[in-house]
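Structure, as structure tokens:
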Amino acid sequence: MKYVSVMQLYPGFETEYQKRHDELWPDLSALLTQFGIANYSIYLHPQTQQLFASFEAEPGFDAEGLAQQPVMKKWWDYMADIMETEANNAPVATPLKSVFEFDPLPTLSDVCAVLDIGKTNVKLSAIRLVNGTILTTVKTENKVLTDGPYPAANSEGIWQWFQQELKKMARTFAIKQISITTHGATIACMKDGELALPIMDYEFTGVDNIREIYQTERPDFSETFSPSLPAGLNLAAQLCWLEKKHSDAFLDVDQFLLYPQYWGYLLSGVMASEVTSLGCHTDLWNPQKSEFSSLVKKKNWLSRFPKFYATGAVLGTVRKELAESLGLPNDCQVINGIHDSNASLVPYLNKEEPPFTVVSSGTWTIIAGIGSPASCLDADKDMLANVNALGKPTYSIRFMGGREWDALKGEQPASKTDLNKIIQKNIFALPGFAQGGPFQHVEGKIVGTTEALSECEKTALATLYLALMIDYSLSQLQQNQTIFIEGAFARNELLLTLLHTLRPEQSLYRSDDATGTTSGTAMLSSPWREQWISAHTAIQSQLPDAAALQHYRTQWLDLLPDR
């Protein structure tokens, strides 16, 4: 709600009034925020010396309570010598009546709060619904719990942190929507609305103990376009392991919730299924027919999956008691969330003409070839069909680029000079240095003399490795058109220079949004998403000695153990 009033400044004190507000006391600023005041503006009429004040706050704003605060009284005393005041030194403020408003768009304080759960970090961001501007982001580390029957997601810890930060955010912004994006390969087994079992961490290698049995049950790649992956990366393998190792608890499970939908349920009380998380190398989905796989039917699991809601659909409003405790509007909507690498695709799906590629980078590097043929898929290379927000198969390849970067890089940034040294010395990093990816069955190694490598040169080697892996992946997807880089790699200038040198005929753009998954998630449900402007920068720089890099790539390809 908007509150507007007019006050009177004494003549000749315009400069002093401005100066005092430029130096607003931090404790007063904190007090105004505490009382829910936002978008506070004051305008001066130069002829009449009138001050027109406007701010936003929830209906029922506690003006009397604010007036009793010591900091507020102290400020009024401080200002009393330059403006008209009441007996208690409060400004004489006459409320103004609204006679006309033109507001086809939401107020700039209306936001979507996006919970973004990655494998390494958890983020909460406030994004303006009207234009997609990210106003603030807070994050915390995502820790795996190891004190239970198996490694599990820290769901309770994330939930407590999320509520704490959301409550703070609600004091500043009008949160109209909450949406969720998470990593894949994660599912909540529910009984009577509560967790029946801990939410398994997909890197739990114990799942491999039933690998031989599971291989006889899982559908063929031609049905699911889901490759056989280690640990719990195939979601159905997790369920089969739980069914075998925790049979009593699993028997009682009445609902399966994909990870984004679990958080949507905690917020709204509505259980839902959603296709992007279900179609992400789970073995549970047939992307060509848009239906559950034969394994789901064979296991009689169909009844355990709740009703489908479209990606980005409104599940309902935040549960009443939760909204009250967090200070959220009663009509705050909970949006059906999305798998994170598919969230990165959202800004491109209706705006770009295929073929093109989106490289989504974080712990995982997911390379989505929009317009790639299904014939390019090779299950042995960790290639698969993701299912995008429109429910359509998206042919992809991936590797754990963030993990491999951390394993290879040095403690100092690299320069082009450091790159040239690595190329001239014929030092190669050969995959793979983390689980998954097109070389998942091969242990990574360094070829060449590495004893005297500086920290900068180690980072140069890591950068070359990432560039060559992305280049290799693009070739597997048969993509030779425009490339968009999202996420952490979009900020690595040297990596972008290498890619443009390796593929000079292709247009290469980096996203200027550091949190592509977050923006894509918020865009799903904003009525004004068509007005959002996606900011990208074309990459123009190349290495001066492109021939040396091309030769280095040829040598690297020749050294690959299996391609």
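Residue-level check: of (1) under 27 Å from residue 175 (Cα atoms); (2) without any contact (Cβ under 8 Å) to a residue 60 or more places away in the chain, residue 75 misses just (1).
Within region 224-243, the set of residues being farther than 21 Å from residue 441 by Cα, of a type outside the set (A, V, I, L, M, F, W, C) and surrounded by fewer than 24 Cβ atoms within 10 Å (Cβ to Cβ) comprises 243 only. Take the conditions surrounded by 12 or more Cβ atoms within 10 Å (Cβ to Cβ) and in contact with an Asp or Glu (Cβ under 7 Å, 6 or more places away or on another chain) and apply them to residue 90. Does it pass? Judged against the criteria, residue 90 is not a match.
Of the residues making up region 100-108, one or more are open to solvent by less than 70 Å² (accessible area, probe 1.4 Å), modelled with pLDDT under 95, in a loop (DSSP other than H, G, I, E, B) and touching a helix residue (DSSP H, G or I) at 6+ places or on another chain (Cβ under 9 Å). When region 231-268 is filtered for residues that are touching a Gly at 6+ places or on another chain (Cβ under 7 Å) and either of a type in the set (Val, Ile, Thr) or not in a helix (DSSP H, G or I) (or both), only 233 remains.
Selection of region 493-519 for residues being in contact with a Phe, Trp or Tyr (Cβ under 7 Å, 6 or more places away or on another chain), open to solvent by less than 20 Å² (accessible area, probe 1.4 Å) and of a type in the set (Ser, Thr, Tyr) yields only 511.
For residues that are part of a strand (DSSP E or B), in contact (Cβ under 8 Å) with a residue 24 or more places away in the chain and open to solvent by 10 Å² or more (accessible area, probe 1.4 Å), scanning just region 117-134, find the one that is farthest from residue 337 (Cα to Cα). Only one residue fits best here, namely 134.
Table: residues versus (1) more than 19 Å from the chain's Cα centre (by Cα); (2) closer than 30 Å to residue 61 by Cβ.
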position: 269; (1), (2): yes, yes
position: 279; (1), (2): no, no
position: 288; (1), (2): yes, no
position: 294; (1), (2): yes, no
position: 305; (1), (2): yes, no
position: 349; (1), (2): no, no
position: 352; (1), (2): yes, no
position: 362; (1), (2): no, no
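Is one or more of the residues making up region 166-188 surrounded by 22 or more Cβ atoms within 10 Å (Cβ to Cβ) and at positive phi? Yes; the residues of region 166-188 include at least one that is surrounded by 22 or more Cβ atoms within 10 Å (Cβ to Cβ) and at positive phi. So in region 482-491, with the set limited to residues that are open to solvent by 30 Å² or more (accessible area, probe 1.4 Å) and within 19 Å of residue 406 (Cβ to Cβ), which one is modelled with the lowest pLDDT? Residue satisfying both the conditions and the ranking: 488.
Candidates are the residues of region 441-465 that are assigned to a loop (DSSP other than H, G, I, E, B) and hydrophobic (A, V, I, L, M, F, W, C); the one that is modelled with the lowest pLDDT is 452. Listed here are the strands (runs of 3 or more DSSP E) enclosed by region 1-85 that have at least 3 residues being at pLDDT 95 or above and surrounded by 15 or more Cβ atoms within 10 Å (Cβ to Cβ): 2-8. Would a scan of region 520-536 turn up a residue that is closer than 29 Å to residue 115 by Cα, open to solvent by less than 30 Å² (accessible area, probe 1.4 Å) and out of contact with any Gly (no Cβ under 8 Å at 6 or more places or on another chain)? Yes; the residues of region 520-536 include at least one that is closer than 29 Å to residue 115 by Cα, open to solvent by less than 30 Å² (accessible area, probe 1.4 Å) and out of contact with any Gly (no Cβ under 8 Å at 6 or more places or on another chain). Could you tell me whether region 324-341 includes any residue that is touching a Phe, Trp or Tyr at 6+ places or on another chain (Cβ under 9 Å) and at pLDDT below 95? So far as region 324-341 goes, yes, one or more of its residues are touching a Phe, Trp or Tyr at 6+ places or on another chain (Cβ under 9 Å) and at pLDDT below 95. The residue of region 142-156 that is least open to solvent (accessible area, probe 1.4 Å), among those that are part of a strand (DSSP E or B) and out of contact with any strand residue (DSSP E or B) (no Cβ under 6 Å at 6 or more places or on another chain), is 153.
Taking the criterion of being under 20 Å from residue 340 (Cα atoms) and among the polar types (S, T, N, Q), the residues of region 364-399 that qualify are 365, 386, 388, 394, 396. On inspection, residue 292 fails the criterion of being touching a helix residue (DSSP H, G or I) at 6+ places or on another chain (Cβ under 9 Å), under 23 Å from residue 152 (Cβ atoms) and open to solvent by less than 50 Å² (accessible area, probe 1.4 Å). Before we move on, is residue 251 touching a residue at least 24 places away in the same chain (Cβ under 8 Å) and in contact with a helix residue (DSSP H, G or I) (Cβ under 9 Å, 6 or more places away or on another chain)? In short, no.
Residues in region 123-142 that are modelled with pLDDT of 95 or more and more than 21 Å from residue 328 (Cα to Cα): 140, 141, 142. Selection of region 166-219 for residues being aromatic (Phe, Trp, Tyr) and assigned to a helix (DSSP H, G or I) yields only 214.
The values are calculated or read from the model by the stated rules, or taken from the named source; none is laboratory data. These numbers come from a predicted model, not from an experiment. Neighbour counts are summed over all protein chains in view; Cβ atoms, including those assigned to glycine, are modelled from backbone coordinates with ideal geometry. Areas reflect the complete protein model, heavy atoms only, side chains present, ligands, DNA and RNA absent. Shrake-Rupley method; radii C 1.70, N 1.55, O 1.52, S 1.80 Å.
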